[in-house]
Structure formats: structure tokens, C-alpha cells
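To keep things clear, I will list the structure first and then write my remarks on it.
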Amino acid sequence: MTEHALAPARRVRTSSATLAFALGASALATAGAATAVVAPAAQAAETTYTVQAGDGWWIISQRTGVSTSQLRLLNGMTSSDLLHPGMVLKTSGAVSSTTTSGTYTVQPGDGWWIISQRTGTSMSTLQQRNGMTSSTMLHPGMVLKTTGTTTAPAPAPDPVIRQSSGKQAAIDFALAKVADPNTYYLWGGNGPYGYDCSGLTKAAFAQAGITIPRTSHDQYMGARSYHSLSDAQPGDLVFWSNQSTGRMYHVAIYLGNGKIAHALNPTDDLVVTSIDIMTSNRMAVVGRY
């Protein structure tokens, strides 16, 4: 599956009831005829807030007098994080982050601006220290340097030469190689019989008159555009990434109808499988050339 495995010889996925409430320092919220719930007192002078049933970011913001964005920054969270009754949130103090010893680990939903606010380091400085640019894609698990000297931007991947927008030839090529009993998985293989994952995709795209980079990571970085998996079209590339490094380690060609063709590993060789064969580490977007 990965591009870094040695190949052996060829083998022939409580909901709680919503409580009506009235905002205020000592307001009572009534659910039914007999149940009364005391709403939390305004938290302006408090340092924490305990999440109640039915709370959301806006409700907590109104009760504490702290903006929703500041609440998230204080607690190292994003708008997509789920809130649960009993959670204790900071409403004042230092901004929470995942910064440790001069590094920051990228979280789901992070962007350059969010990381800049959490680390107190400008976006341009972060990008320079990590040899990146504003267009560099960030992925959960990436470890970024927040202190130290700057790093020169990484070399650009091989240029992408687009001679055709048609992808059917690439699909046909991949399917023909899957069907050929003489083909097999070979780390670093470029064909005509032995291929690794990105070797197969590069050779297939060449049949459509499209020159793409050689490795799966560079194929991801070189894509013309990115689209949600739910919007994938035949000929798009599906990727899997290492959550520790943020680098891609596997790529497949989307065939349509939830199917992909890829050089999987030395055991399974070249195969057509469900796109859900490996949901762990699969990117939520596809690359389109």
C-alpha cells in the first residue's frame, strides 16, 4: 500500500431534550410542569464555565459575555468540536494551544490564521519557519515549528503538463493493468508490469496526455483543484496521509460508483476495490487534474 514497503516476489462511522431557558444572573428554566433548572450565573468574573444540557457555543457566549471565537481559542477548540454536559470551559486566562517546546500540532479545522492566534506567531513567520507558503495544505497531526530559524521553502514538485482534460484513457489503462495477470506490486515500479501506487497513477495519466509528479505526496500537492469525496468524479485521485507528518503515502484512481483502482500492496497487487477499503488516514478531499 505505501510507497516505502519492500516488495517480495510476484504472487500468481444522548440526544438530550432541549430545555427552554431565560438568560440572566439567576434565571430559572422550566421543563414541563414540575421540573425547574437553575441557569448558571453570568460568568464575567468566573474563570470557568460548566457546560449544561442544551448548551451551544452561542448560548455559552451569551451567558459568559465572552465571544464564541475567544471561547474556542481559550480552550483550544474549533466550531466543529462537540460540547457535552459537564465539560468545564475556560472563560478567561491564557489562550490554550497544543504548543510544546517550540512546536504546534495541527488540529482538525486549523488554518494559518487560527494557528497564528494560538501560538502568537504571525502567519508569515510560521510559514517561513516551516518552509511552507500560504497555499500549503495543513493536515491534522502535522507538527509545525513555532520558534527557531526560518527554513527555505521546499522545492516545488515536478511541473504538471496538462495536454488533455479527458480522464477515460487513464481509467481504461488502470483497469487494463488490474486485469493483466502479469502485473504486480513493486515498490518504486514504473511498469510495464511492476507498479507501486503512484507509479500506476502516473502511467495511467500519461495515457490521457497528462504529466503528473511521480510520488503520491507530490501528486496531491500538484493537483489543479481539490473536491469533497462526495463530489468525486471518475479520474480524480484519492489519497491517504501519515497523520504524524502530513505527507501522503498512498494514492488511487477513482473509477466512479464508489470504486477505485490502485496498486495496493505486495499481497494484493493491482486491484479494484471499494473507496472505503481504508477509511483510516484517507483524505476528505480528492485531487483533480
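The values are calculated or read from the model by the stated rules, or taken from the named source; none is laboratory data. Values in this document were obtained by computation on a predicted structure and should not be read as measured data. Note that each Cβ is placed from the backbone with ideal geometry, even for glycine, and that neighbours are counted across all protein chains shown.
Just to be sure before I move on: is residue 289 surrounded by fewer than 18 Cβ atoms within 10 Å (Cβ to Cβ) and touching a helix residue (DSSP H, G or I) at 6+ places or on another chain (Cβ under 9 Å) in the structure I sent?
no
Testing residue 249 on (1) part of a loop (DSSP other than H, G, I, E, B); (2) within 21 Å of residue 272 (Cα to Cα), one condition comes back false. Which one is that?
(1)
Name the residue, out of 147, 151, 125, that is modelled with pLDDT under 75, among the β-branched types (Val, Ile, Thr), over 21 Å from the mean Cα position of the chain (by Cα) and farther than 16 Å from residue 218 by Cα.
Being modelled with pLDDT under 75, among the β-branched types (Val, Ile, Thr), over 21 Å from the mean Cα position of the chain (by Cα) and farther than 16 Å from residue 218 by Cα holds for just one of 147, 151, 125, which is 151.
Contact list please: Cβ distance under 9 Å, first residue in region 116-138 and closer than 29 Å to residue 224 by Cβ and assigned to a loop (DSSP other than H, G, I, E, B), second residue of a type in the set (D, E, K, R) and modelled with pLDDT under 75, pairs at least six apart or on different chains.
Qualifying pairs under 9 Å: 138/110.
Please go through region 263-277 and give me each residue that is in contact with a Phe, Trp or Tyr (Cβ under 9 Å, 6 or more places away or on another chain) and either surrounded by fewer than 17 Cβ atoms within 10 Å (Cβ to Cβ) or part of a strand (DSSP E or B) (or both), ordered by number.
Residues satisfying the conditions are 263, 264, 265, 267, 268, 269, 270.
Using the structure shown, decide if residue 166 is surrounded by 16 or more Cβ atoms within 10 Å (Cβ to Cβ) and at pLDDT 70 or above.
For residue 166, the condition - surrounded by 16 or more Cβ atoms within 10 Å (Cβ to Cβ) and at pLDDT 70 or above - is not met.
Tell me, yes or no, whether region 200-221 has at least one residue that is aromatic (Phe, Trp, Tyr), touching a Phe, Trp or Tyr at 6+ places or on another chain (Cβ under 8 Å) and surrounded by fewer than 24 Cβ atoms within 10 Å (Cβ to Cβ).
no
Restricting to region 189-225, name every residue that is in a loop (DSSP other than H, G, I, E, B) and either of a type in the set (Ser, Thr, Tyr) or touching a helix residue (DSSP H, G or I) at 6+ places or on another chain (Cβ under 7 Å) (or both).
189, 191, 193, 208, 212, 213, 214, 215
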